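K.L.:
Submitted below is the structure of interest, expressed as structure tokens.
Nothing in this text is a laboratory measurement; each read-out follows from the coordinates by a stated rule. Bear in mind the structure is a predicted one, so any value in this text is a computation, not a measurement. No Cβ is skipped: glycine too gets one built from the backbone with ideal geometry, and neighbour counts run over all protein chains shown.
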Amino acid sequence: MNDCVFCKIIDGDIPSEKLYEDELMIIIKDIAPKAEKHYLAIPKKHYKLFSEMTEQDAADLGKCIRKIGDLADSLGLENGFRFIINQGDDAEQTVFHLHMHLIGGQKLTTRNYLKDH
Ligand code: AMP
Ligand code: ZN
């Protein structure tokens, strides 16, 4: 059984505030925002790490990133945004389904990184 929270969100089994969806990804609001605007762009395919990606996954992720470029203004990120992908234990990745953090909507400082230390 797949108990991945992001797979459940993609399947509609867990509610989310969804801002965008296409055949490759969804964009939702992060449940614990670290800045005025904090979104998660989540590829629909489940994998955790870059090192697990197939060539097709890499091509699809590239398309998702390019699409984020088109969507940024409509997401309120017209003045820029921070783009973060946590990978593994040292980055304190907590959801093991690769996802891209989009953080902005304000002038960002070191406080708007994801982890507090
Ligand atoms: P990471 O630490 O990079 O794995 O990021 C996981 C992110 O997912 C965190 O910023 C969480 O706040 C966020 N998150 C976890 N569960 C949910 C959920 N059900 N809906 C929206 N965001 C979530
Ligand atoms: Zn998943």
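K.L.:
So, of the residues in the stretch 28-42 that are outside any loop (DSSP other than H, G, I, E, B) and within 11 Å of ligand 1 (Cβ to nearest atom), which turns out to be surrounded by the fewest Cβ atoms within 10 Å (Cβ to Cβ)?
P.N.:
Top of the filtered list is Lys29.
K.L.:
Just one of Leu75, Leu61, Leu49 is of a type outside the set (Asp, Glu), surrounded by 13 or more Cβ atoms within 10 Å (Cβ to Cβ) and within 16 Å of ligand 2 (Cβ to nearest atom); which is it?
P.N.:
Checking each option against the conditions leaves just Leu61.
K.L.:
Are there any pairs, at least 6 apart or on different chains, whose C-beta atoms fall under 6 Å, with the first in the stretch 1-23 and without any contact (Cβ under 8 Å) to a residue 60 or more places away in the chain and of a type outside the set (A, V, I, L, M, F, W, C) and the second in a strand (DSSP E or B) and within 16 Å of ligand 2 (Cβ to nearest atom), and if so, which?
P.N.:
Ser16/Ile28; Glu17/Ile28; Lys18/Ile26; Lys18/Ile28; Tyr20/Ile27
K.L.:
Looking at Ile9, is it more than 26 Å from Gly80 (Cα to Cα) and out of contact with any helix residue (DSSP H, G or I) (no Cβ under 9 Å at 6 or more places or on another chain)?
P.N.:
Yes.
K.L.:
Follow-up. Of everything in the stretch 89-107, what is surrounded by fewer than 17 Cβ atoms within 10 Å (Cβ to Cβ) and either farther than 18 Å from Phe6 by Cβ or more than 16 Å from ligand 2 (Cβ to nearest atom) (or both)? Give them in sequence order.
P.N.:
Once the filter is applied, which keeps residues that are surrounded by fewer than 17 Cβ atoms within 10 Å (Cβ to Cβ) and either farther than 18 Å from Phe6 by Cβ or more than 16 Å from ligand 2 (Cβ to nearest atom) (or both), the stretch 89-107 yields Asp89, Asp90, Ala91, Glu92, Gln106, Lys107.
K.L.:
Here's another thing I want to ask about it. Could you give every pair whose Cβ atoms fall below 7 Å, whose first residue belongs to the stretch 87-116 and is of a type in the set (Asp, Glu), and whose second residue is in a loop (DSSP other than H, G, I, E, B), counting only separations of at least 6 or pairs across chains?
P.N.:
Listed by first residue and then by second, the contacts come to Glu92/Asn86; Glu92/Lys115.
K.L.:
So which of Asp22, Asp13 ends up being within 13 Å of ligand 2 (Cβ to nearest atom) and surrounded by fewer than 17 Cβ atoms within 10 Å (Cβ to Cβ)?
P.N.:
Asp13
K.L.:
Does Gln56 fit the bill of being assigned to a helix (DSSP H, G or I), on the phi < 0 side of the Ramachandran plot and not aromatic (Phe, Trp, Tyr)?
P.N.:
Against the criterion (assigned to a helix (DSSP H, G or I), on the phi < 0 side of the Ramachandran plot and not aromatic (Phe, Trp, Tyr)), Gln56 qualifies.
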